[in-house]
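In what follows, a single structure is set out as structure tokens and then discussed.
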Amino acid sequence: MSTQEEFLQAAEAIVFDLDYRKRITDNIANYEAAFVKGLEQYSNLELARERAAFIKWKVTENLDKYLIEFEASVMRRGGKVIWAHDVETAQNEIEQIMNRVQAKTIVKSKSMVCEEIELNKFLRKKGLSVYETDLGEYIVDMAGEAPFHIVTPAMHKNTKDIAKLLNEKISSSLDADAAELSNDVRNELRDKFLNADVGITGANFLIADSGMVSITENEGNARLAFTFAKTHIVIAGIEKVIPTVNDLDLFFPMLASYGTGQKITAYNSIVGPRNNDDDDYTGNFFVILIDNGRSNLLAQAEQRQALGCIKCGACLNVCPVFKNIGGHTYDTVYNGPIGSVTSIHTNGIKEFKHLSFASPLCGKCTDICPVKIDIHNHLVRNRRDIINAGDTTGGEKLVWFTWKKMMQNRKTMNKGVSIKNFMLKQFFKTSWGERREFPKVAEKSFNQLWRERFGQ
Ligand code: SF4
């Protein structure tokens with residue numbers, strides 16, 4: 001089965017699962033209420049978005065310069081930067097570090113790029129113990145699932161589901177409420193933090209001029225992960241760089257209000273290599289910069305703006321497609337509208353082209369994006385590129401060839417309405433789907449009406 005067929009099958013199954021949809025709708029409704037409140041902090045939201053979009057544009061257009069500046073800054077502080085152009089390189093480099101520091105236990109905070117390189121699976125296969133420490137990630141990891149949403153990985157589960165899962169895994173009570181479940185997980189993890197050899201985190205921003213890494217989180221788990229372990233590995237996509245620490249006065253509140261509807265996220269850490277004269281100095285600070293297809297997107301002058309995404313997840317929450325089919329249906333690490341834009345560039349047209357067509361192009365994603373990414377128009381550009389790459393079926397080509405011929409000929413345009421309706425149905429019966437009423441062609445064409453009225 002092709003990825004497109006799998007997508008359609010999964011979507012078909014989920015849109016009729018009312019219980020599942022209710023959970024998603026309830027969670028998104030909570031987000032929406034908080035989001036409105038979060039935005040109240042802005043006296044001029046549009047100006048803030050313009051500024052954020054400009055900084056991200058400047059960085060994307062000069063990514064080579066900023067990345068080299070970041071690398072030099074990290075090295076100056078005594079850390080190491082490793083460039084990984086693909087998943088295999090990243091995994092090998094991480095394995096080498098683990099061997100060098102003789103790691104056995106790893107604590108990890110939430111990071112989508114780690115999902116991208118399948119880090120947990122890789123490290124566990126090597127016999128290492130890896131613990132997710134973000135509550136949502138912990139839950140989906142325990143369930144053996146991928147994150148459902150880039151900000152709220154366990155959005156698709158309610159308290160009952162989680163209690164049942166944690167009852168099986170860590171003997172939580174089946175009647176536990178959210179606070180009790182969080183407490184159970186906290187107790188489970190405390191020990192792991194204290195005994196971890198390596199802390200792995202992602203990065204929300206890489207600060208070019210200082211070589212520091214900015215990490216934003218609500219639980220304090222990332223802070224514990226990189227504080228206790230002697231070795232800190234940061235794994236980040238190359239697009240995460242920003243020019244200076246001053247840019248965070250814009251991005252901290254922006255990420256908070258668009259991501260979760262908060263004014264500011266609970267913990268914002270700016271971390272780098274420990275100073276040589278610190279008691280606990282080990283010199284073990286690594287930043288692994290992941291390309292993994294991002295350069296392909298960077299090469300697309302029209303769509304490269306998508307690299308400016310700050311992964312706030314707001315476009316997912318407003319997308320009617322995401323709301324109906326949920327995150328897992330996409331079967332991509334980054335799902336929703338922005339994932340549909342980037343996946344064909346980073347992971348290949350063949351496998352993920354259908355995602356660019358899975359959108360009504362309503363533009364809600366573009367309207368909400370804090371860094372003003374022209375998301376729905378990038379989907380249209382993707383569609384154009386997919387067609388230009390010849391990645392369409394023979395049947396589709398024949399349909400459009402015949403359609404064009406008919407449209408260019410007045411006689412066929414004025415043919416009887418029943419034949420037109422018949423032809424339309426033949427052409428589009430598969431793509432239109434079974435559940436939508438097929439549109440009917442008007443009894444008379446515009447040309448016929450004109451002639452009747454004006455006689456020419
Ligand atoms: S594309 Fe924009 S709205 Fe969507 S996750 Fe990225 S920054 Fe947020």
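The values are calculated or read from the model by the stated rules, or taken from the named source; none is laboratory data. It should be emphasised that the depicted structure is a prediction, and the values quoted were computed from it without experimental measurement. Counting neighbours? That spans all protein chains shown, and the Cβs are built from the backbone with ideal geometry, glycine included.
Only one residue in Ala72, Ala84, Ala90 is surrounded by fewer than 15 Cβ atoms within 10 Å (Cβ to Cβ), assigned by TED's automatic domain parsing to the domain that holds Tyr131 and either closer than 27 Å to Arg294 by Cα or of a type outside the set (Gly, Ala, Ser) (or both), so which one is that?
Ala72
Would you check which residues across the range 411-456 are over 27 Å from Glu12 (Cα atoms), small (Gly, Ala, Ser) and part of a loop (DSSP other than H, G, I, E, B) and list them?
Gly416, Ala442, Ser445, Gly455
Among what's in the range 302-354 and is more than 14 Å from the ligand (Cβ to nearest atom) and aliphatic (A, V, I, L, M), pick the residue that is surrounded by the fewest Cβ atoms within 10 Å (Cβ to Cβ).
Applying the filter and picking the extreme gives Ile349.
Look through Thr366, Thr402, Thr393 and report the one residue that is over 18 Å from Thr3 (Cβ atoms) and away from the ligand (no atom under 16 Å from the Cβ).
None of the other options fit; the residue is Thr402.
Going through the range 244-279 one residue at a time, which ones are assigned to a loop (DSSP other than H, G, I, E, B), of a type in the set (D, E, K, R) and crowded, with 17+ Cβ neighbours inside 10 Å?
Arg274
Any idea how many residues of the range 350-377 are assigned to a helix (DSSP H, G or I) and among the hydroxyl-bearing types (Ser, Thr, Tyr)?
Of the residues in the range 350-377, 2 are assigned to a helix (DSSP H, G or I) and among the hydroxyl-bearing types (Ser, Thr, Tyr).
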